1. With a point put 7 Å past each Cα toward its Cβ, work out how far B:Ser254 is from A:Gln35 in nm, to one decimal.
2. Under a plain spin-label model, where a point goes 7 Å from the Cα along Cα-to-Cβ, how far apart in nm are B:Thr14 and B:Ala320?
3. Can you compute the equivalent ellipsoid semi-axes for segment B:2-345, i.e. the square root of 5 times each eigenvalue of the Cα gyration tensor, sorted largest first and rounded to whole Å?
4. Express the accessible area of segment A:52-171 per residue in Å², computed with a 1.4 Å probe while the remaining protein chains stay in the model.
5. Tally Lys/Arg at +1 and Asp/Glu at -1 over every other residue whose Cβ is under 13 Å from the Cβ of B:Lys79; what's the total?
6. Given the options B:Leu26, B:Leu125, B:Leu170, state which has the largest fluctuation in a GNM of chain B using a 10 Å cut-off (strictly under) for Cα springs.
7. With every protein chain left in place, what is the accessible area per residue of segment B:2-345 in square angstrom, probe 1.4 Å?
8. Tally up the carbon and sulfur contribution to the accessible surface of chain B as a whole percent, 1.4 Å probe, everything protein left in place.
Amino acid sequence: MRTRTLWITIALTAQLAGCCPQQPVTVTVLPVPPQDSRWQGSDQDRIALPLVSGREQVEDALKFGLNRNNKEDNVAVVLNAKALYKRLLDRLEKPATFSDLSSDVFKQWFPGKIVMQIVDARDLTRPGQHAPVALSDGRYWWIFYRNANDQLTSVMVAKVQAIDTLVEKDK
Amino acid sequence: MHDQLLQALSNVATVRLVASYTDNELQFPNGNSIQVLIPDMHLLSAARRTLYTYGTNYEGAGDTSHLLQSVVTAIAQLKMDAAAANQRVVVFVMGDYLDLWRECLLADLNDEVIAGIRNSHQQLLGLLEDPALNTHFLLGNHDFELYRFPSYNAWERRFFIPGDDPTIVLMHGDYFDWVEQNIPEDLRDIAVYLFSEPVEPGKAILGKMADLNKKYNSTDYSTGIELTGPAPLGSMQNPSRPCPPNHNLQSLKSSPPAATKFLESACRECANMNASSGSHLRMVIIGHTHHARIATMSMPDGTPFALVDTGAWIESCAEAEGGTAIPNSQITAISANQVRIYQLAPHA
């Protein structure tokens, strides 16, 4: 019995010391970036969905690269953002649920997998069951917030250049 | 505001006009704002700088003038004064700000390498990155890899000004190296990222751009980066004379090839973008070549087009081919629909 315990101890120690091959664990997490890459100042001014009064604000955010400093100086990052994102914003004017994000309409815009773990340092507590989710259009990440019925209630667009999208990893 | 900038620069430097260009459709009719563009600095750490015979002009070890720092300080002061008078100064850094390529082998790039450069230029970087200056940073080829670091998340590969109905694209300019080397397949994705719709141009394409950077642009930097000799700027004008609407413009017909480098490619890209997006672009502003100049031609529909190369703060220039070399130290300004490039030198 003592021998068996010893071997287990050695094996665990070796593993902790990095002597054994370890299985890599893929953790798909989207960190919410600072304000110069996400437009919204606080979670209070997320843009409400369905998109009714906030459309112009989203268009502005996309045009100025989500950076209010660019807006302050009227420096655009995306040429003709209003036209480029028109169809997506048209869709967001209608009610949508979490499951709609997997539909063909949304897949045209967000071909990658849905990122389920959004790390937002501004959160007071860990998000519960209906936590926000994120999808990438290639340039920006769209973080969708939902209610207990999984209806999409608001959106925040963020730019996180250093994060891979799963679709791109396959290329 | 050209006069105010010229005065601010003249307080810290001897200023000469390299070139000027006026286009009344540039959408910058308002004399109460000015766009100021600072080209390639190629900053290195102090340790790495000793390995090269050349470095950032008027900033490196042994330089007592600290001209570059004085110029940025003057621009920052002008911005503050302008704000008080309800005027606006918008500042851009045109890329190749930190020279990661000369600092290390890119495989070794990490936070400490970047910190090594930053620590050697704390005052200058403090001025340029002061939130009050609100500098808009472009990534160049030598600092493109910064995209991998979240601190540089807000830096971009291109800007369009003015934001409402852009007439000008600002970009570092290395893109045109690739265009003119005729590698269309690889370039397709890059073109999408730089010029067109946002179709999956995330990290994979950014990574591909980085690979292309290394493949096509890396070279032996022991004696220089872009130039084999001083860039011939043409006849410069003393600022005591009034600035003419157009001065020292280069054209395909009458200028040597180096003076019109990238002109046709840039014009073609703008024409294509206008056709596909309905935009009204008519000017491309770059750095990259370290050869300050303004070159003009007509777009296919007859619209005047200009390529403005903002020059550099590294390597050298001369008024004429084979003339006396002087350190590149240029600033470009846009106001009241006029673009000007200035060459600066420390006061005697």
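The values are calculated or read from the model by the stated rules, or taken from the named source; none is laboratory data. These figures come from a predicted structure and were not determined experimentally. Here Cβ is always computed from backbone atoms with ideal geometry, including for glycine, and neighbour counts include all displayed protein chains. Accessible surface is based on the protein model in full, side chains and every heavy atom, while ligands, DNA and RNA are left aside. Shrake-Rupley method; radii C 1.70, N 1.55, O 1.52, S 1.80 Å.
1. Here the modelled spin labels are 5.2 nm apart.
2. According to this spin-label approximation, the distance is 1.9 nm.
3. On the way: eigenvalues 140, 131, 85 Å².
The answer is 26, 26, 21 Å, longest axis first.
4. Details: 5740 Å² over 120 residues.
Spelled out: the 1.4 Å probe surface of segment A:52-171, per residue, equals 48 Å².
5. On the way: positive: B:Arg88; negative: A:Glu72, A:Asp73, B:Asp81, B:Asp130.
Counting the neighbours of B:Lys79, the net charge comes to -3.
6. In this elastic network of chain B, the residue with the biggest mean-square fluctuation among B:Leu26, B:Leu125, B:Leu170 is B:Leu125.
7. Working: 13020 Å² over 344 residues.
I get 38 Å² per residue for this part.
8. Result for chain B: 49 percent of the exposed heavy-atom area is carbon or sulfur.
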